[in-house]
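The values are calculated or read from the model by the stated rules, or taken from the named source; none is laboratory data. Every value quoted in this text rests on a predicted model; they were computed, and no experiment measured them. Counting neighbours? That spans all protein chains shown, and the Cβs are built from the backbone with ideal geometry, glycine included.
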């Protein structure tokens, strides 16, 4: 099938694209630029970098702006998907029934198939595959045990072991499915070029924080 893929620039949507592209053609990326940092549906840290993500993998991007109002975000997503010449939509949902059910409702309305290759994957298997295949950086943290030192850190074997320890101690979801952390993908197997971060700033709010990327560019792999 020809598919559109919901993309945030983070690991879940990026890995879902990788899996879906094995048996489908990804022709369009769709991103929702929500103005609500506490969005019910969408990843917001560094969402502006989905433009570079699109250029890196050479797939066109359709961006829809949203005020981030609960349920109203769904109308914005439906608007973004309308008129795109595809048969289905790829989502990176792992365990969120809220997200999956609402995207499924929109797909049903538009007559599209929903493809969710990460749904109910074992988080240990999922994370080990992701760190082997992609260059992923943590850009937002909001959980016990995740301090300012995690911002900008690459998700590798050591980081994964630390997350496993925090999972046992605090119950942090290994894949950050509870919003414990958000990520930014700098390279993936299907990227033609990779993203290089040039300039960042840290916004820390006492028990949570974000690494804001103010400048980045594409470089050869």
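Output yes when any residue across segment 150-162 is in contact (Cβ under 8 Å) with a residue 60 or more places away in the chain and either part of a loop (DSSP other than H, G, I, E, B) or within 15 Å of residue 10 (Cβ to Cβ) (or both), and no when none is.
Within segment 150-162 (the criterion being in contact (Cβ under 8 Å) with a residue 60 or more places away in the chain and either part of a loop (DSSP other than H, G, I, E, B) or within 15 Å of residue 10 (Cβ to Cβ) (or both)), the answer is yes, since at least one residue qualifies.
Which one of these is within 18 Å of residue 16 (Cβ to Cβ), modelled with pLDDT of 95 or more and in contact with a helix residue (DSSP H, G or I) (Cβ under 7 Å, 6 or more places away or on another chain): 218, 186, 174?
Working: 218 fails: within 18 Å of residue 16 (Cβ to Cβ); 186 fails: in contact with a helix residue (DSSP H, G or I) (Cβ under 7 Å, 6 or more places away or on another chain).
Unique residue meeting the criteria: 174.
Enumerate the strands (runs of 3 or more DSSP E) found wholly within segment 40-143, keeping only those where 2 or more residues are more than 25 Å from residue 209 (Cβ to Cβ).
Answer list for segment 40-143: 60-66, 88-90, 113-115.
Which of the residues that make up segment 208-221 are in a strand (DSSP E or B) and either in contact (Cβ under 8 Å) with a residue 24 or more places away in the chain or assigned by TED's automatic domain parsing to the domain that holds residue 50 (or both)?
209, 210, 211, 212, 213, 216, 217, 218, 219, 220
Report the residue count in segment 123-168 for those that are closer than 20 Å to residue 197 by Cβ and either crowded, with 19+ Cβ neighbours inside 10 Å or touching a helix residue (DSSP H, G or I) at 6+ places or on another chain (Cβ under 9 Å) (or both).
Result for segment 123-168: 18.
Pull out all pairs, ordered by first then second residue, where Cβ-Cβ is under 7 Å, the residues are six or more apart or on different chains, the first lies in segment 196-207 and is touching a residue at least 60 places away in the same chain (Cβ under 8 Å), and the second is in a strand (DSSP E or B).
Cβ pairs passing all conditions: 197/213; 197/216.
If the requirement is being assigned by TED's automatic domain parsing to the domain that holds residue 104, in a strand (DSSP E or B) and either buried (at least 17 other Cβ atoms within 10 Å of the Cβ) or over 13 Å from the mean Cα position of the chain (by Cα) (or both), which of these qualifies: 13, 31, 23, 8?
Details: 13 fails: in a strand (DSSP E or B); 23 fails: in a strand (DSSP E or B); 8 fails: in a strand (DSSP E or B).
Sole residue among the options that is assigned by TED's automatic domain parsing to the domain that holds residue 104, in a strand (DSSP E or B) and either buried (at least 17 other Cβ atoms within 10 Å of the Cβ) or over 13 Å from the mean Cα position of the chain (by Cα) (or both): 31.
Here is a list of conditions, (1) more than 22 Å from residue 196 (Cβ to Cβ); (2) surrounded by 17 or more Cβ atoms within 10 Å (Cβ to Cβ), and residue 70 meets all of them except one; can you say which number that is?
It fails just one condition, (2).
Do we have any residue at all in segment 174-186 that's within 23 Å of residue 55 (Cβ to Cβ), surrounded by fewer than 21 Cβ atoms within 10 Å (Cβ to Cβ) and in contact (Cβ under 8 Å) with a residue 40 or more places away in the chain?
No; the residues of segment 174-186 include none that is within 23 Å of residue 55 (Cβ to Cβ), surrounded by fewer than 21 Cβ atoms within 10 Å (Cβ to Cβ) and in contact (Cβ under 8 Å) with a residue 40 or more places away in the chain.
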